[in-house]
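The values are calculated or read from the model by the stated rules, or taken from the named source; none is laboratory data. Keep in mind it's a predicted model, so treat the numbers as computed, not measured. With ideal geometry, Cβ positions are generated from the backbone for all residues, glycine too; neighbour counts draw on all protein chains shown.
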Amino acid sequence: MRRFKVGVSVRKKRWKTSLICFATFLLLSGTLALWLTTKAAELQSELTSAASLVPQLKHEIELDDKLAVRQTVDGMAIHTRKAADIARFPVWSMSTSLPLIGENFRAASELAISGNDVVQLAVMPLADSYQALDWDNLAPNHDGVDLAPLGGVRTELSAAAQAIRDSAARLGDIDSDKLLPQIRQPLVQATSQLNSYRAIFDTAADLASVAPEMMGSTSPRTYLLMIQNNAEARASGGIPGALAELSIDKGKLALDAQSSAGDLGIMSPVLPIDSQQQQIYSARMGKYMQDVNLTPDFPTAATTARAMWQAKTGRLVDGVISIDPVVLSYILQSTGPVSVNGPELAVVRASGLPTELRGDNVVPTLLSDVYAKITQPKLQDAYFAGVAKEVFSALSSGKGEGKGLVAGITRGAEEGRVLVWSANTSEQSVISKYALSGSISGPSVLPAQFGVYFNDGTGAKMDYYVKHTVQLVKECPADGYEQTMVRVTSTNTAPADAATSLPAYVTGGGAYGIAPGTVQTNIVTYGPVQSNVESANIDSQKTPFAPYLHANRPVGVIAQQLAPGESKTVEFTFGKIVQHTEPNVVVTPTVQPVKDVVLPTKIASCDKEQ
């Protein structure tokens, strides 16, 4: 009996101890849970506070308020540092191993640490460099440009780009499907933002790596400047009528040896062109400077133009730069008006053309009025050259605000109106990553990229009157492959009496068998790599077309004529598309704003039961 009572007593003590331990565990667990909940709220609050400062920082940078930028960046750093400190706390780190919820703590840790790395390793060093840069002094002026600060910032930009790449990779490795919605949403948002910032910082780092040398920081550079005339369409913009050598020495610009495509004459012997492009665009590419850019591939056009320039002038340039009158208008919006001086001034006054060119009148003047009021091609070329000379003179003299010039040239590059090719292979390898290269293949071309390019077949300057729209239509998949239709609508807006009211130089005067006032355009459409161009329609009626292949991309070509006031719609259907990414389209830059030409992609309605 005694033994039984002793046993009962022992069991009671054990139960009591167990209850006390369990209660203590519950208490500790509750305390830990409360601590984790509190810290999680603090971590979220700090990251939210840091993120809320980003729009403010962008606004302050736009205002060039360097003191405010510094204060805002310091504030971001305080918030992200506090969030990272919470994530590195031992108890928090241990919580990442808990079953079921551990992945959420790990994801929150990565968010906090990545956010802090981006601010500490990217934003803060760049803010320091931003304080040191004088943006106005980076614009061309009488004394050139002090390129040392731009060269000095390349290290910070490279490190910043690397920090963002590393952070984006860490967040990208997290399986968001396993996370609670409260964690998943900010993780997905942060990953998307980092990837977008990554592209920006990679671009800035690449620019800083090549720009100083290309602007003559170590030795003078000379480029062939081609000003494409959009009134006579070529695939990359327009006929390269006006030519000049652009010399850059330590950022100081000088426009020398001005000429025109007509002055260069015919190449003999004709320069060789690769067989695929010669089949599509003919040997004219290697015969006339006016036709080097029948191809949309600017590296091909640039190397051919460089060879022609050397053959005709005996001078070998370091690269080729192409712009158009629309870019000149962007530059003039920053520099202010320029006056046309020199030998062509008497001609200008007699013709009634403006002697002062501004951002709002330079395009119609150069692409339309000059042909209506000056009938001699040599005098037209002289006026064109005079305007270009004055614009670059304004640039080199320091007229214009630095950021405005950068914004205008950047806008031109985004629209495909500024194209650059360098004979230096290391520089060209960097340029080739971007649309600025004007390449139809390589790293600058997106996986599901289409191209719509226009080449004049009238032999005239009627493209000033042609308006286009281009739209991709994602059709229903066929046999497991994507299908996309490329729809191109073109309208000839010339007056009904264009045959008589416009000069013969503008209409072509019927020289190529095209009735005066009518426009003939060769519409060249590229599909993505490995796809097929399967059919073509004009105004919904099936029509024959010329199929080709260029750089493993299918090409369809149709020649189209439009009388004054007439519109037509050409549709190319591409099938066997293996890329499942969202399609995009690149177009020839015309007189129209590119945003008015490229319409939003249309998605066909597909009935799954069919």
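Where the second residue is crowded, with 24+ Cβ neighbours inside 10 Å and not charged (D, E, K, R) and the first is free of Cβ contacts under 8 Å to residues at least 12 places away in the same chain and lies in region 458-469, which pairs have Cβ atoms under 7 Å and are six or more apart or on separate chains?
If the second residue must be crowded, with 24+ Cβ neighbours inside 10 Å and not charged (D, E, K, R), no pairs are left.
Starting from region 531-544, take each residue that is outside any strand (DSSP E or B) and list its partners that are basic (Lys, Arg), counting only C-beta distances under 7 angstrom and pairs at least six apart or across chains.
Taking only residues 6 or more apart or on different chains, the pairs are Ser531/Lys576; Asp539/Lys568.
Give me the residue from region 382-422 that is outside any helix (DSSP H, G or I) and among the β-branched types (Val, Ile, Thr) and, out of that set, surrounded by the most Cβ atoms within 10 Å (Cβ to Cβ).
Val418
I need a count of the residues in region 230-263 that are surrounded by fewer than 19 Cβ atoms within 10 Å (Cβ to Cβ) and of a type outside the set (S, T, N, Q).
9
Yes or no: region 320-330 includes at least one residue that is farther than 30 Å from Val270 by Cα, in contact (Cβ under 8 Å) with a residue 12 or more places away in the chain and more than 34 Å from the chain's Cα centre (by Cα).
Taking every residue of region 320-330 in turn, none turns out to be farther than 30 Å from Val270 by Cα, in contact (Cβ under 8 Å) with a residue 12 or more places away in the chain and more than 34 Å from the chain's Cα centre (by Cα).
Matching residues to (1) charged (D, E, K, R); (2) within 27 Å of the chain's Cα centre (by Cα); (3) over 30 Å from Val348 (Cβ atoms):
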residue	(1), (2), (3)
Lys378	yes, no, no
Leu405	no, yes, no
Thr425	no, yes, yes
Val430	no, yes, yes
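So in region 462-514, with the set limited to residues that are at pLDDT 95 or above and part of a loop (DSSP other than H, G, I, E, B), which one is nearest to Val598 (Cα to Cα)?
Here the answer is Thr493.
Which of the following residues is in the same structural domain as Leu328 (by TED's automatic domain parsing), out of contact with any helix residue (DSSP H, G or I) (no Cβ under 9 Å at 6 or more places or on another chain) and either under 21 Å from Glu213 (Cβ atoms) or not aliphatic (A, V, I, L, M) (or both): Lys403, Lys399, Lys373, Lys389?
Criteria check complete, one pass: Lys389.
Please report, ordered by residue number, the helices (runs of 4 or more DSSP H) entirely within region 71-176 with at least 3 residues that are modelled with pLDDT of 75 or more, of a type outside the set (Val, Ile, Thr) and on the phi < 0 side of the Ramachandran plot.
Details: elements: 90-95, 102-118, 124-132, 148-152, 154-172.
In region 71-176, 102-118, 154-172 are the helices (runs of 4 or more DSSP H) which contain 3 or more residues that are modelled with pLDDT of 75 or more, of a type outside the set (Val, Ile, Thr) and on the phi < 0 side of the Ramachandran plot.
With Val326, Val320 as the choices, which residue is crowded, with 24+ Cβ neighbours inside 10 Å, assigned to a helix (DSSP H, G or I) and either in the same structural domain as Lys399 (by TED's automatic domain parsing) or not small (Gly, Ala, Ser) (or both)?
Val326
Within region 361-377, can you find the residues that are in contact with a Leu (Cβ under 6 Å, 6 or more places away or on another chain) and not charged (D, E, K, R)?
Val362
Using the structure shown, decide if Lys595 is among the basic types (Lys, Arg), in a strand (DSSP E or B) and under 29 Å from Pro299 (Cα atoms). Give the derivation first.
Numbers: among the basic types (Lys, Arg): yes; in a strand (DSSP E or B): no; under 29 Å from Pro299 (Cα atoms): yes.
For Lys595, the condition - among the basic types (Lys, Arg), in a strand (DSSP E or B) and under 29 Å from Pro299 (Cα atoms) - is not met.
Find the residue count for region 270-290, including only residues that are touching a helix residue (DSSP H, G or I) at 6+ places or on another chain (Cβ under 9 Å) and in a loop (DSSP other than H, G, I, E, B).
6
Would you confirm, using the coordinates I've provided, whether Ser282 is surrounded by fewer than 22 Cβ atoms within 10 Å (Cβ to Cβ) and touching an Asp or Glu at 6+ places or on another chain (Cβ under 9 Å)?
Numbers: surrounded by fewer than 22 Cβ atoms within 10 Å (Cβ to Cβ): yes; touching an Asp or Glu at 6+ places or on another chain (Cβ under 9 Å): yes.
When the stated conditions are applied, Ser282 passes them.
Taking Ala205, is it touching a Phe, Trp or Tyr at 6+ places or on another chain (Cβ under 8 Å) and either modelled with pLDDT under 80 or not in a strand (DSSP E or B) (or both)?
The answer is no for Ala205.
Suppose the filter is in a strand (DSSP E or B) and under 15 Å from Asp463 (Cα atoms); does Gln561 pass it?
Against the criterion (in a strand (DSSP E or B) and under 15 Å from Asp463 (Cα atoms)), Gln561 qualifies.
Does region 291-313 include one or more residues that are out of contact with any Asp or Glu (no Cβ under 9 Å at 6 or more places or on another chain), assigned to a strand (DSSP E or B) and of a type outside the set (D, E, K, R)?
Scanning region 291-313 turns up no residue that is out of contact with any Asp or Glu (no Cβ under 9 Å at 6 or more places or on another chain), assigned to a strand (DSSP E or B) and of a type outside the set (D, E, K, R).
If Val327 meets every condition in (1) in contact with a helix residue (DSSP H, G or I) (Cβ under 6 Å, 6 or more places away or on another chain); (2) modelled with pLDDT under 90 apart from one, which number is that one?
Of everything listed in (1) in contact with a helix residue (DSSP H, G or I) (Cβ under 6 Å, 6 or more places away or on another chain); (2) modelled with pLDDT under 90, Val327 misses just condition (2).
Of the numbered conditions (1) surrounded by fewer than 23 Cβ atoms within 10 Å (Cβ to Cβ); (2) of a type in the set (A, V, I, L, M); (3) in contact with a Leu (Cβ under 9 Å, 6 or more places away or on another chain), Ala496 satisfies every one except a single condition; which is it?
The one condition Ala496 does not meet is (3).
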